[in-house]
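Okay, so here's the structure we're looking at.
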Amino acid sequence: MLESYHIVLLLFAVIQFLIGVLANGIIVVVNSTDLIKQRKMMPLDLLLCCLAISRICFQLDIFYINLAVLSLTKFPPLAENFTILMFLNESGLWFATWLSVFYCAKIATVAHPTIFWLKMRISKLVPWLILGSLLYVSITSVFHSKHTWILQKNMWLGLFSKNATTPIKEMDASQFASHIVNLSLPLIIFLISVLLLIFSLGRHTQKMRNTAVGTRNLSMSVHVSTLVSILSFLVLYLSHYLIIVVIILQNFKLRRLIFLFCILVVGSYPSGHSIILILGNPKLKQNAKKFFLLKKCCQ
């Protein structure tokens, strides 16, 4: 029988799952509808669509893990499930990273040849960045498949065996280091693009103080909204990354309650950031409003 705190965590997991699937589902449906109507998809829409699809799959896997930890369903083969989870997680991180690079290239006004080159070519690079990310993540997932099997075996032993004091097999330090490096690559690119974007917006906001009051107020409002979205994205991204690192490094020491809390934090990133994307994108925001208005009318 479930304890009271397990029921609370399960409730949060269900809410998080529904929000994540709904928010990312709206992104996929809106962009797919535009693709059907216009017979083409803009680079930003393609990137958003790929990101949303990976996050829907990730949310499904996270929710299934929550049910398995609470012993509400049978857990699938260990190695295969964890490999799929890591593939979906790393794919989502790379897509989110390229999204931040795309915004940086389009919005940032940094006078540097690299930024100028990227600004001119980022739209054409998006499909290749997506394919390259999928290829890279697939290769690293296969390379780490043996390591992920050991990782999940130890994790499951720590969650369900009260008397377990030693891992099934000692972890290879080089494998851990390699996995952390793989996770760090998108993080470094993401941080560089976000910091450049914040610097550019901050400098532009400083210049706008010398303009007319009406224009200045409008511009300041837009820039403050953009900065809030970027900083929210940064907090969610970093918290997601840190929790993933904690799970990898402390997998054998984690107990069920702490593990469930970590999984909730991991799942909050794709849900929360997708909501931020919808609120910051006029087309997605308008279609989301239409969806909820139509739902109210049907009721």
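Results for (1) closer than 18 Å to Pro270 by Cα; (2) of a type in the set (A, V, I, L, M, F, W, C), shown as yes or no for each residue.
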{"residue": "Gly20", "(1), (2)": "yes, no"}
{"residue": "Val29", "(1), (2)": "yes, yes"}
{"residue": "Ser32", "(1), (2)": "no, no"}
{"residue": "Lys37", "(1), (2)": "no, no"}
{"residue": "Leu44", "(1), (2)": "yes, yes"}
{"residue": "Leu48", "(1), (2)": "yes, yes"}
{"residue": "Ala52", "(1), (2)": "yes, yes"}
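Considering only residues of region 25-45 that are part of a helix (DSSP H, G or I) and open to solvent by 50 Å² or more (accessible area, probe 1.4 Å), which is nearest to His273 (Cα to Cα)?
Within region 25-45, the first condition is being part of a helix (DSSP H, G or I), and the residues that meet it are 25-38, 43-45.
Cutting the leftovers down to open to solvent by 50 Å² or more (accessible area, probe 1.4 Å) gives us 29, 33, 35-38.
Details: Val29: 17, Thr33: 22, Leu35: 23, Ile36: 26, Lys37: 27, Gln38: 27 Å.
Only one residue fits best here, namely Val29.
State whether the residues of region 5-24 include one that is open to solvent by less than 90 Å² (accessible area, probe 1.4 Å), assigned to a helix (DSSP H, G or I), touching a residue at least 24 places away in the same chain (Cβ under 8 Å) and in contact with a Lys or Arg (Cβ under 6 Å, 6 or more places away or on another chain).
Within region 5-24, one or more residues are open to solvent by less than 90 Å² (accessible area, probe 1.4 Å), assigned to a helix (DSSP H, G or I), touching a residue at least 24 places away in the same chain (Cβ under 8 Å) and in contact with a Lys or Arg (Cβ under 6 Å, 6 or more places away or on another chain).
Here's a check for you: in region 230-252, which residue that is modelled with pLDDT of 70 or more and not aliphatic (A, V, I, L, M) is farthest from Ile188 (Cα to Cα)?
Ser232
Being open to solvent by 40 Å² or more (accessible area, probe 1.4 Å), at pLDDT below 75 and polar (S, T, N, Q) is the requirement here; does Gln286 meet it? Don't jump to the end; show me each part of the working.
Values: open to solvent by 40 Å² or more (accessible area, probe 1.4 Å): yes; at pLDDT below 75: no; polar (S, T, N, Q): yes.
Criteria not met by Gln286.
Filter region 109-123 for residues that are within 25 Å of Lys40 (Cβ to Cβ) and in contact with a helix residue (DSSP H, G or I) (Cβ under 8 Å, 6 or more places away or on another chain) and give the result.
Hits for region 109-123 are Leu118, Lys119, Ile122, Ser123.
The values are calculated or read from the model by the stated rules, or taken from the named source; none is laboratory data. Quantities reported herein were computed from a predicted structural model and do not represent experimental measurements. Using ideal geometry, Cβ is built from the backbone for each residue, glycine included, and neighbour counts are taken over all protein chains shown. Only protein heavy atoms, including side chains, enter the accessible area calculation; ligands, DNA and RNA are left aside. Shrake-Rupley method; radii C 1.70, N 1.55, O 1.52, S 1.80 Å.
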